[in-house]
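Colleague: First the structure, then my questions, so here it is.
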Ligand SMILES: *Cc1c(COP(=O)(O)O)cnc(C)c1O
């Protein structure tokens, strides 16, 4: 019994690769090679060196003393907000750009919603001197202009997706179309633990450096490798997958996944995918997704752009269905208050995505000697205007 992936690319009933025949060769090439390549010593050395010297790892595991006093428990923050480009996403893009290089690919494509994954991808393409094309919904291009400027400055071409709702899912469709048309030289960097097998597993393994470091750092600080709780926000699920990874099969470690309830789970404006979702197929993966009764994907909403994905990665769908992880949904208002609280209590302004994870402290009583690790997935600089508008700062 394991909560990790099986040899067919499934987590329980979720996962797999449900893709058009035109994509089969690309995905199959990756599936056959990703484990072999990522286990080579030369790959591992290069990955570790870049994580250390370029991304700034290991990130600290910080004992939040004032927050711990306030909630009468032991709270540690895993500081992914201190990574280069401001969030955990860089761990994955470094891993995948190395994978692309080892596969001999010269042209990189990606899709982005808020622009964070686009920036992380443009960053590693500049690092490696590879051509980079980022698909982005026309509406998102207008909403996220600073990130568009960053991508351009890093040398990427940003191509607008003008169909449908002109947001993330349309950008994803454009990227897939590009990949079908350019199967030989192009590598598609997916930004979370979503998409067809082997992407969810590959991304989870690249992000697993987070829980690997948590174990070593906790051993040093608490004399034990395993916390009592790990809490992480979930959009597609990559920072949570990384923070949970080495604890998945140790049921003494309780896992809490936090989704965005937006304006309320049943308000019609939320991204509480596991609660509201039904089994279906999105971006090549069988998982839980928000859909209308006739199976159309519904537009998600959250105040944090990084959490408004209509599906959830297959690992998390299985953690939800098996009850291995507890899923909580946090509203915009609750997340914003928690972001402000973290700023005033610890001197850290979190990304609004990450702020959702902190709102759990108000929902669940922890015991005084519980060790609670919270994934602080990103920093709040990018969200300053949202904080300003919300709190009238
Ligand atoms: C993108 C993003 C997320 C959501 O993505 P996951 O794949 O669920 O981790 C969470 N936090 C931050 C700071 C992000 O940028």
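The values are calculated or read from the model by the stated rules, or taken from the named source; none is laboratory data. Note that the structure is predicted; figures quoted are calculated from it, not measured. Quick reminder, even Gly has a Cβ in these numbers, built from the backbone with ideal geometry, and neighbours come from all protein chains shown.
Colleague: Given 242, 235, which one is within 11 Å of the ligand (Cβ to nearest atom), part of a loop (DSSP other than H, G, I, E, B) and under 23 Å from residue 322 (Cα atoms)? Before the answer, list the steps.
Modeller: Details: 242 fails: part of a loop (DSSP other than H, G, I, E, B).
Result of the check over 242, 235: 235.
Colleague: Something else now. Give the range 72-104 a look and list any residue that's in the same structural domain as residue 182 (by TED's automatic domain parsing), away from the ligand (no atom under 16 Å from the Cβ) and crowded, with 21+ Cβ neighbours inside 10 Å, or say none.
Modeller: Scanning the range 72-104 gives 97, 98, 99, 100.
Colleague: Name every residue in the range 142-158 that is over 17 Å from residue 130 (Cα atoms) and over 20 Å from the mean Cα position of the chain (by Cα), in order of residue number.
Modeller: Selection gives 142, 143, 145, 146, 149.
Colleague: Please report, ordered by residue number, the helices (runs of 4 or more DSSP H) entirely within the range 8-85 with at least 3 residues that are under 23 Å from the mean Cα position of the chain (by Cα) and free of Cβ contacts under 8 Å to residues at least 12 places away in the same chain.
Modeller: Counting at least 3 such residues, we get 41-50.
Colleague: Now a separate question. Would you pick out the residues in the range 11-56 that are under 13 Å from residue 198 (Cβ atoms) and in contact with a strand residue (DSSP E or B) (Cβ under 8 Å, 6 or more places away or on another chain)?
Modeller: If the condition is that a residue be under 13 Å from residue 198 (Cβ atoms) and in contact with a strand residue (DSSP E or B) (Cβ under 8 Å, 6 or more places away or on another chain), then 15, 16, 17, 26 are the ones that fit.
Colleague: Something else now. All but one of (1) out of contact with any helix residue (DSSP H, G or I) (no Cβ under 7 Å at 6 or more places or on another chain); (2) closer than 21 Å to residue 93 by Cα hold for residue 186; which doesn't?
Modeller: Failed condition: (1).
Colleague: Would you check if residue 347 is surrounded by 23 or more Cβ atoms within 10 Å (Cβ to Cβ) and either away from the ligand (no atom under 16 Å from the Cβ) or in contact (Cβ under 8 Å) with a residue 12 or more places away in the chain (or both)?
Modeller: No.
Colleague: From the residues in the range 298-333 that are more than 16 Å from the ligand (Cβ to nearest atom) and part of a helix (DSSP H, G or I), which one is farthest from residue 252 (Cα to Cα)? Don't jump to the end; show me each part of the working.
Modeller: Step one: of the range 298-333, the residues more than 16 Å from the ligand (Cβ to nearest atom) are 298-299, 321-324, 326, 331, 333.
Applying the additional criterion that residues be part of a helix (DSSP H, G or I) yields 321, 333.
On the way: 321: 18, 333: 32 Å.
Checking each candidate, the answer is 333.
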